[in-house]
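Comments concern the structure below.
The values are calculated or read from the model by the stated rules, or taken from the named source; none is laboratory data. All values reported here derive from a predicted model rather than from experimental measurement. For neighbour counting, all protein chains shown are included, and Cβ atoms are generated from backbone atoms with ideal geometry for every residue, glycine included. To get the accessible areas, we keep the full protein, side chains included, count just its heavy atoms, and leave off ligands, DNA and RNA. Shrake-Rupley method; radii C 1.70, N 1.55, O 1.52, S 1.80 Å.
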Amino acid sequence: MLKLGYLAQTLASRGLATLVDPGILDTDLLYKLHDPAYVDAFLNGEKPLAISQNLPWSDMLRSAVLAMQAGQLKAASIAMEHGIAANLANGFHHAKYARGGGFCTFNGLALTARAFPKHRVFVLDCDEHGGNGTEDFTERLPNLHTYSIFGKRFGCIGGPRSVADSLEAGPFNFFAYQQALERAFSTMSDWKPDLVVYQAGVDCHQQDPIGRGFLSASELKERDRLVFEYCRRHSIPVVFTMAGGYHELEQVAELHANTFVSASATQFLPSPTTENAKFSL
């Protein structure tokens, strides 16, 4: 999680983002999304549930998790008003109804659908690992649809409103990834979402220490550009999150910053007066 603060500084120094304080999360929303016993356990630091996401519990972790959840809802509101926004956060898509998992405490992707029940929310999950937790919530939230493109299944098997597009067996090349994106866009077009939540994971980079390693930095930028361009072309608001990425601090921050560069290149927002478009986080 240390990468997020470093990335915020990087984005601000390059004029790629306008940082926005998301305010304080109304924790009642968490109780409406997750098992209340689990929410109680995490908020109060009661083990084992408080550490079910595989992170040591602390007051600092609790504050960080709640800030990221608040950021997700703030970013969704900004995106629906202005077309695009980002939540400078990770740690969402492995969290299930009754517990955390895989460094994910509460499922901010599903929380977006829960907080905006009149909006159809489509999660395009391009993390290296399948979004098994979000899949769990598609059975509980009728306005939530998820499409995972992954190299490691992580328990994601698919369902009525959850597509598990596995690249586990290869081939490991960008053309195969583009084809998966086209399938995702087709599903998105059929479902007609009011908001896209894009998990722009960089743990599928070829040098990521826990990924399978099949996309270069330039291919990740192109992946992001294709997603943003599709949303812009079809006038679908999009909020993007950082998701996975486990390189050394400077390298992973650079890969995440590239997502903002790709977003700028699509000119989703009206042309800015500065060199780069600015995105709220």
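Placing unit charges on C-beta atoms (Lys and Arg positive, Asp and Glu negative, everything else neutral), compute the dipole magnitude of the chain about its Cα centre in debye, rounded to 20.
Around 420 debye, computed over the chain.
Could you estimate the translational diffusion coefficient of region 1-134 from the Stokes-Einstein equation, with Rh from the Kirkwood formula over C-alpha pairs, at 25 °C and 0.890 mPa s, in whole µm²/s? My calculation gives 160 µm²/s for D. Only the Cβ atoms of Lys and Arg (+1) and of Asp and Glu (-1) were treated as charged; on that basis the dipole of region 128-247 about its Cα centre amounts to roughly 160 debye. For the chain, a Gaussian network of Cα nodes joined below 10 Å ranks Ser162, Ser148, Ser13 by mean-square fluctuation, and the top entry is Ser13. Annotation: per residue accessible area for the chain equals 41 Å², rounded to a whole number [probe 1.4 Å, protein chains only].
Only helices at least 18 Å long along their own axis, judged from Cα atoms, and with Kyte-Doolittle mean hydropathy of -1.0 or greater: name those in the chain from DSSP H.
What comes out of the filter, once short or polar helices are dropped, is 2-14, 59-82, 174-191, 249-265.
For the residue pairs Lys3/Lys118; Lys3/Lys74; Lys32/Lys192; Lys3/Lys96; Lys74/Lys96, the C-alpha atoms sit more than 27 angstrom apart in Lys3/Lys118. Taking other residues whose beta carbon is less than 14 angstrom from the beta carbon of Leu33, and scoring Lys, Arg as +1 and Asp, Glu as -1, yields -1. Residue ranges 102-115, 68-81, 221-234 sort as 102-115, 68-81, 221-234 when ordered by packing (mean number of other C-beta atoms within 10 Å per residue, highest first). Here's the picture: charge each Lys and Arg Cβ at +1 and each Asp and Glu Cβ at -1 in the chain, and of Tyr6, Phe228, Leu195 the one pushed furthest to the positive end of that dipole is Leu195. Which net charge results for the neighbourhood of Phe154, defined as the other residues with beta-carbon distances under 14 angstrom from its beta-carbon, given Lys and Arg at +1 and Asp and Glu at -1? Neighbourhood net charge equals -4. Net charge in the neighbourhood of His94 (other residues with Cβ under 13 Å of its Cβ; Lys, Arg +1, Asp, Glu -1) is -2.
Would you kindly give the portion of the calculated P(r) for the chain that falls above 36 Å, as a percent of all Cα pairs? Roughly 7 percent, once rounded to a whole number. Dimensions of region 72-208 based on its C-alpha atoms, expressed as ranges along the principal axes with the largest first, amount to 39, 32, 29 Å.
Report the antiparallel proportion of the DSSP beta bridges in the chain as a percent, rounded to a multiple of 5.
Working: 2 of 29 bridges.
The antiparallel fraction comes to roughly 5 percent.
Projecting the Cα atoms of Asn107, His94, Ser77 onto the charge dipole of region 9-114 (Cβ charges, centred on the Cα centre) puts His94 farthest toward the positive pole. The relative contact order of the chain, computed from alpha carbon pairs under 8 Å that lie at least 6 residues apart in sequence, is 22 percent.
Centroid-to-centroid, using Cα positions, region 102-157 and region 14-80 are 16 Å apart. At the residue level, His129 shows approximately 20 square angstrom of accessible surface with a 1.4 angstrom probe and all protein chains present. For region 1-110, a crude dipole built from +1 on the beta carbon of Lys and Arg and -1 on the beta carbon of Asp and Glu, taken about the Cα centre, is about 360 debye to the nearest 20.
Rolling a 1.4 Å probe over the protein heavy atoms of region 49-154, with every protein chain left in place, gives an accessible area that is 55 percent carbon and sulfur.
Identify the GluC sites (Glu not before Pro) of region 131-213 meeting these criteria: DSSP loop state and at most 13 other C-beta atoms within 10 Å of the C-beta. Mind showing how you got there, number by number?
Values: sites: Glu135, Glu139, Glu168, Glu182; in loops: Glu139, Glu168.
Within region 131-213, the qualifying GluC sites (Glu not before Pro) (loop, at most 13 other Cβ atoms within 10 Å) are Glu139, Glu168.
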